[in-house]
Amino acid sequence: MALLPILRYPDPRLHKKAALVSRVDDSIRKLIMDMAETMYEAPGIGLAATQVDVHKRVIIIDVSEDKSALLALINPEILERSGEQVCEEGCLSVPGIYEKVTRSERVKVRALDPQGKSFTLEAEGLLAVCVQHEIDHLEGKVFVEHLSLLKQGRIKAKLAKQARITA
Ligand code: NI
């Protein structure tokens, strides 16, 4: 396994749309293992391949307390959504920024597992937030783009300042 570098907002590569995975093979399974190591090390509860500059439709999520429930979704697709919830979100690509985002309360998702088998997942609460946040990444969308342009401008300025301090 290997730790992968995570792209930082506003890197333009975060806005690339990811391509469908045509075949779930060892290279995809290795990507999932590397992404999992990277996510747990960060630490985070979700990671999209886009964030490690691999523009394929692969996301991983683990919202458990003890990092025991790794979920890998390949070519995830939201089939149904209902309700509304507001959750304070963060993102490994937007370090130190936490903002409230409104999303669906429940989603039903279809995806392929690491063996290439199709499955559906019914998620609510935090898991549903995570699924929507990570699928956004595959579309080239970072969570701050759900916020007002004014807030986005402030976040960009704050991140630029952080980058100057750490450089
Ligand atoms: Ni994110």
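Bear in mind that the values in this text are calculations on the coordinates, not laboratory data. Being a predicted model, the structure only gives us computed values, none of them experimental. Backbone-built Cβ (ideal geometry, glycine too); neighbour counts: all protein chains shown.
For a quick check of your reading of the filter: which trypsin sites (Lys or Arg not before Pro) in the stretch 78-127 sit in a DSSP loop and have no more than 11 other Cβ atoms within 10 Å?
On the way: sites: 81, 100, 103, 106, 108, 110, 117; in loops: 117.
Sparse-neighbourhood loop trypsin sites (Lys or Arg not before Pro): 117.
For the pair residue 157 and residue 30, what calculated FRET efficiency results from E = 1/(1 + (r/R0)^6), where r is the Cβ-Cβ distance and R0 = 45 Å, to the nearest 0.05?
Working: r = 38 Å, r/R0 = 0.84.
The computed FRET efficiency comes out at 0.75.
Write out the GluC sites (Glu not before Pro) in the stretch 63-118 meeting two conditions: DSSP loop, and at most 14 other Cβ atoms within 10 Å of their Cβ. Before the final figure, lay out the partial values.
On the way: sites: 65, 77, 80, 84, 88, 89, 99, 105; in loops: 65, 84, 105.
Here the GluC sites (Glu not before Pro) that fit, given the DSSP loop and packing criteria, are 65, 84.
Give me the net charge of residue 124's neighbourhood, meaning all other residues with Cβ under 14 Å from the Cβ of residue 124; Lys, Arg count +1, Asp, Glu -1.
Working: positive: 81, 103, 106, 108; negative: 80, 84, 105, 122.
Once positives and negatives cancel, what remains is 0.
Are any of the pairs 30/117; 67/151; 16/156; 67/117 more than 21 Å apart by Cα-Cα distance, and if so, which?
Working: 30/117 17 Å; 67/151 32 Å; 16/156 19 Å; 67/117 23 Å.
Pairs exceeding 21 Å: 67/151; 67/117.
For Cα pairs less than 8 Å apart in space and 6+ apart in sequence, what is the mean separation divided by the residue count of the stretch 1-70, i.e. the relative contact order in percent? Intermediate results must be reported in sequence, preceding the final value.
Values: 87 pairs, mean separation 25.3, N = 70.
Taking the mean separation of contacting Cα pairs over the length of the stretch 1-70, I get 36 percent.
Under a Cβ-Cβ cut-off of 15 Å, what is the net charge of the residues other than residue 154 that fall near it, where Lys and Arg count +1 and Asp and Glu count -1?
Working: positive: 100, 151, 156, 158, 161; negative: 99, 145.
With Lys, Arg at +1 and Asp, Glu at -1, the neighbours total +3.
In degrees from 0 to 90, rounded to the nearest 10, what is the angle of the helix 26-41 Cα long axis to the longest principal axis of the chain?
Helix 26-41 and the main axis of the chain meet at about 40 degrees.
Please give me the summed charge of the neighbours of residue 45: other residues whose Cβ is under 11 Å from its Cβ, Lys and Arg +1, Asp and Glu -1. Don't skip to the answer; put the middle values down first.
Numbers: positive: 67; negative: 62, 65, 89, 134.
Charge balance near residue 45 sits at -3.
Got a sec? Charge dipole of the chain, +1 on Cβ for Lys and Arg, -1 for Asp and Glu; which of 10, 146, 21 is way out at the positive end?
About the Cα centre, the residue reaching furthest to the positive side is 10.
Need the full-extension length gain, residue 165 to residue 41, defined as separation in residues times 0.36 nm minus the C-alpha distance. One decimal, nm.
Details: separation 124, 0.36 × 124 = 44.64 nm, distance 2.33 nm.
Stretched out fully, the residue 165 to residue 41 stretch lengthens by 42.3 nm.
On a full-extension model of 0.36 nm per residue, what is the gain between residue 8 and residue 148, subtracting their alpha-carbon distance, rounded to one decimal in nm?
On the way: separation 140, 0.36 × 140 = 50.40 nm, distance 1.97 nm.
Stretched fully, the residue 8-residue 148 segment lengthens by 48.4 nm.
Note down the magnitude of the dipole of the chain about its Cα centre, charges +1 on Lys and Arg C-beta and -1 on Asp and Glu C-beta and zero elsewhere, to the nearest 20 debye.
On the way: 24 positive and 24 negative charges, 157 e Å.
Once rounded to the nearest 20, the dipole reads 760 debye.
If you fit an axis through the alpha-carbon atoms of helix 125-138 and take the longest principal axis of the Cα set of the chain, what angle between them do you get, 0 to 90°, nearest 10?
Approximately 80 degrees, to the nearest 10.
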